[in-house]
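One structure is given here, and the rest of the page talks about it.
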Amino acid sequence: MGTGSKVFYAIGTFLALMAVFYILATAWIGEDAYLFGVEWVGAVGLVLAAVMSFMLAGYLDITERRMDIVPEDWEEAEIEDGAGVLGFFSPSSIWPFTMSVAICVLGLGIAFWQLWLLVLGAVFLIWATAMLSLQYGIPREKH
């Protein structure tokens, strides 16, 4: 089990314990305004955060088992052991910025519940994501 999955298992365990504590504490204090004396918004939020942490920990656990040993898991690793190419990142791509603008428009459509803005943001986001994915598959003169 790698370091990343251990961290998220620990976070998920902490959140699950806090959810149980929160449910018991609000049920003990319980007022008539709550269903069964429990404040459900915080309880559901903590439970969902714990579930998401466990899901991410499980994903990291599965992917870390398929990988070779990485320098982060060595006890005697040096900084230069992690050196090398980390991936290809386009230095002059406009599409990440375009995607963030589309997500902003989509969020405004959700916040103000304007269907036309929501549809515009969704179409804009799909277009920007496609262009990001295809930016090196389209000939240079078409950019």
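The values are calculated or read from the model by the stated rules, or taken from the named source; none is laboratory data. Source: prediction; values computed, not measured. All Cβ positions, even for glycine, are placed from backbone atoms using ideal geometry, and neighbour counts span all protein chains on display. Surface areas here come from the heavy atoms of the whole protein model, side chains and all, with no ligands, DNA or RNA. Shrake-Rupley method; radii C 1.70, N 1.55, O 1.52, S 1.80 Å.
Worth a mention:
- Once the 1.4 Å probe is applied to the protein heavy atoms, the chain comes out at 78 Å² accessible per residue.
- The label point for residue 119 and the one for residue 132, both projected 7 Å from the Cα toward the Cβ, are 2.5 nm apart.
- Each of residue 21 and residue 75 was given a label point 7 Å from its Cα along the Cα-to-Cβ line. The distance between the two points is 3.2 nm.
- Which labelled figure in [x] 11, 40, 28, 9, 6, 4, 2, 0; [y] 10, 29, 24, 17, 10, 6, 3, 1; [z] 10, 18, 20, 30, 16, 5, 1 is P(r) over Cα pairs in 10 Å bins from 0, in percent, once derived from the coordinates: [z]
- Modelled spin labels at residue 59 and residue 97, positioned 7 Å past Cα toward Cβ, are 2.8 nm from each other.
- Taken about its Cα centre, the stretch 11-143 carries a charge dipole of about 980 debye when Lys and Arg each add +1 at the Cβ and Asp and Glu each add -1 at the Cβ.
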